[in-house]
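Data block below; observations after.
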Amino acid sequence: MAVESSPKMNKTVLNRFLSLPQPENKVQAMYIWIDGTGENLRAKTRTLNFVPKSVSDLPKWNYDGSSTYQSEGRNSDTYLHPVAMYKDPFRLGNNKLVLCDTYKYNGSPTESNRRISCLQAMEAAKDFKPWFGIEQEYTLLDMDGRPFGWPKNGFPGPQGPYYCGVGPNKVCARDIVESHYRACLYAGINISGSNAEVMPSQWEYQVGPCEGIDIGDELWVSRFILHRVAEEFGVCVTLDPKPIPGDWNGAGAHCNFSTKAMREDNGIIHIENAIDKLSRQHLRHIKAYDPHGGKDNERRLTGKHETSSIHDFSAGVANRGASVRIPRQTAEDKKGYLEDRRPASNCDPYSVTEALVRTICLDE
């Protein structure tokens with residue numbers, strides 16, 4: 001059972017205390033990590049007695065891994081290794097958000113630490129200059145688990161007027177979207193846009209272009225910021241790929257990808273070669289594109305609602321029902337990028353981008 005909301009919390013009182021002066025040599029660093037589910041985030045804060053200038057200044061830390069599905073209670077210490085640092089849009093000032101890798105007591109990475117393998121692939125492929133952009137779709141829920149703003153005893157009208165909609169009868173909770181966008185910009189996330197999606201209470205934002213490992217780091221921190229912003233409004237965020245069964249769109253995390261060669265003149269040749277490689281590794285990518293080896297995505301990739309079938313690989317120009325789409329502009333310019341539409345909304349971006357690099361660049 002989920003915890004109940006706290007509607008009586010008074011933000012005016014909170015702001016009174018947050019406005020208290022903070023000592024110049026004291027910094028609140030919120031350490032963020034991925035728990036044992038491979039899709040949920042955890043966080044806790046420590047005080048630093050200095051202002052960190054780079055991630056290498058940050059100390060390692062530990063936590064109770066038995067409470068995050070990452071260790072046994074009899075040997076629970078699990079370790080946090082800082083890997084990326086951002087400005088904190090909630091506490092402001094010199095305070096920081098710190099993304100961390102997770103390691104077991106013996107120094108080996110936890111099962112949900114997929115960043116280390118991804119980083120190895122990105123280092124091996126760095127001469128290809130791989131760029132990524134991820135379109136993160138998500139759905140807002142009330143505390144009862146119902147899409148936020150939906151009628152309590154019924155359903156909204158059929159899909160059609162909601163995509164990029166404007167007006168209170170078309171979209172819900174734009175305040176959360178705008179707050180998240182600004183918070184990401186403040187933090188230093190390369191957020192590049194947002195829009196209302198096809199299902200009411202479903203939204204999307206885009207992160208990128210980012211090169212190499214940065215896309216995974218920035219997407220994970222942008223997700224943390226999204227959950228944290230929604231918390232302020234008493235609204236829940238779900239990344240479930242098919243939050244509402246039936247004739248409603250699911251949620252994905254389409255991944256746009258290019259190499260330096262694809263972005264140059266006649267790069268379409270390299271794009272077509274990449275698609276050929278992807279066609280021969282379809283099952284491998286499906287397994288990598290949601291935290292549960294394709295089982296979550298199975299509910300979404302049905303061949304309906306702007307998706308391809310999970311069982312078959314397909315590609316086409318401007319085809320949103322294909323596994324991989326070549327944007328119309330890319331086809332006309334004969335250079336640009338491809339869009340892999342298969343990743344689920346709850347994917348681990350480290351797994352997705354690693355799979356793309358290993359298949360396309362490293363021929364593994």
### Message
Filter region 83-121 down to the residues that are assigned to a strand (DSSP E or B) and acidic (D, E) and list them by number.
### Response
D101
### Query
Any chance region 122-130 includes a residue that's open to solvent by 60 Å² or more (accessible area, probe 1.4 Å), under 30 Å from T259 (Cβ atoms) and assigned to a strand (DSSP E or B)?
no
### Task
Tally the residues that are open to solvent by 20 Å² or more (accessible area, probe 1.4 Å) and on the phi < 0 side of the Ramachandran plot, restricting the search to region 225-238.
8
### region 97-116, subset open to solvent by 40 Å² or more (accessible area, probe 1.4 Å) and in contact with an Asp or Glu (Cβ under 8 Å, 6 or more places away or on another chain), residue nearest to D77 (Cα to Cα)
Y105
### Task
Find all pairs meeting these conditions: Cβ atoms under 8 angstrom apart; at least six residues apart or on different chains; first residue within region 20-40 and at negative phi and free of Cβ contacts under 8 Å to residues at least 60 places away in the same chain; second residue in a strand (DSSP E or B) and open to solvent by less than 40 Å² (accessible area, probe 1.4 Å).
K26/L48; N40/I34
### Query
For region 58-92, which residues satisfy the criterion of being in contact with an Asp or Glu (Cβ under 8 Å, 6 or more places away or on another chain), touching a residue at least 60 places away in the same chain (Cβ under 8 Å) and open to solvent by less than 30 Å² (accessible area, probe 1.4 Å)?
A84
### Query
Is it fair to say I213 is in contact (Cβ under 8 Å) with a residue 40 or more places away in the chain, more than 30 Å from R174 (Cβ to Cβ), buried (at least 21 other Cβ atoms within 10 Å of the Cβ) and touching a Leu at 6+ places or on another chain (Cβ under 7 Å)?
yes
### Task
Filter region 151-197 down to residues that are β-branched (V, I, T) and closer than 21 Å to E218 by Cα, then give me how many there are.
4
#### Entry: Test: residue in region 28-43 that is over 23 Å from the mean Cα position of the chain (by Cα) and buried (at least 18 other Cβ atoms within 10 Å of the Cβ)
no
#### Entry: Condition broken by Y69, with the remaining ones in (1) within 16 Å of T110 (Cβ to Cβ); (2) modelled with pLDDT of 95 or more; (3) not β-branched (V, I, T) satisfied
(2)
### Summary
V55 meets each of (1) open to solvent by 60 Å² or more (accessible area, probe 1.4 Å); (2) over 30 Å from K295 (Cα atoms); (3) within 23 Å of the chain's Cα centre (by Cα) with one exception, condition (1)
### Test: S323 is under 22 Å from the mean Cα position of the chain (by Cα) and open to solvent by less than 60 Å² (accessible area, probe 1.4 Å)
yes
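The values are calculated or read from the model by the stated rules, or taken from the named source; none is laboratory data. This is a predicted model, so every value here is computed, not measured. Glycine gets a Cβ as well: all are built from the backbone with ideal geometry, and neighbour counts include every protein chain shown. Surface areas here come from the heavy atoms of the whole protein model, side chains and all, with no ligands, DNA or RNA. Shrake-Rupley method; radii C 1.70, N 1.55, O 1.52, S 1.80 Å.
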